[in-house]
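Here's the structure, in structure tokens; my notes come after.
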Amino acid sequence: MFSVQLGYSHERSFSSSVATADVLHPTVVFGPGGHVLGFAVLSIPVSHRGTIGEQDQWRVGAGAVFLFGTAR
């Protein structure tokens with residue numbers, strides 16, 4: 001299994017009511033087999049309001065999802 005996905009989020013800072021960002025999240029999901037899915041995600045801000053100190057340039061994440069039950 002191999003899947004390319006695109007997510008979107010509108011984020012607001014807890015430390016400031018003014019800091020907001022619109023972020024795109026391109027993601028790759030792959031199933032190496034069995035009951036495991038792996039994923040890698042890159043988060044890219046496309047617009048931002050607030051101070052420079054609260055702005056992320058980008059974020060990267062990766063992980064695994066364990067599927068319980070029988071495979072169909």
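The values are calculated or read from the model by the stated rules, or taken from the named source; none is laboratory data. Quick caveat, the model's predicted, so the values are computed rather than measured. Don't worry about glycine lacking a Cβ; one is built from the backbone with ideal geometry, like all the others, and counts go over all protein chains shown.
So here's what we get for this one:
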read-out: Residues (in a strand (DSSP E or B) and either among the aromatic types (Phe, Trp, Tyr) or in contact with a Pro (Cβ under 7 Å, 6 or more places away or on another chain) (or both)) located in the stretch 1-21; value: PHE2, LEU6, TYR8, ALA21
read-out: Considering residues of the stretch 31-45 that are of a type outside the set (A, V, I, L, M) and surrounded by 13 or more Cβ atoms within 10 Å (Cβ to Cβ) only, the residue farthest from the chain's Cα centre (by Cα); value: GLY31
read-out: When residues of the stretch 1-29 are limited to those that are surrounded by 13 or more Cβ atoms within 10 Å (Cβ to Cβ) and closer than 30 Å to LEU67 by Cα, the one modelled with the lowest pLDDT; value: GLU11
read-out: Contacts under 7 angstrom Cβ, first residue in the stretch 3-14 being within 14 Å of ASP56 (Cβ to Cβ) and of a type in the set (Lys, Arg), partner modelled with pLDDT under 95 and not in a loop (DSSP other than H, G, I, E, B), 6 or more apart; value: ARG12/THR20
read-out: Of residues in the stretch 30-72 being part of a loop (DSSP other than H, G, I, E, B) and at pLDDT 85 or above, the one farthest from MET1 (Cα to Cα); value: TRP58
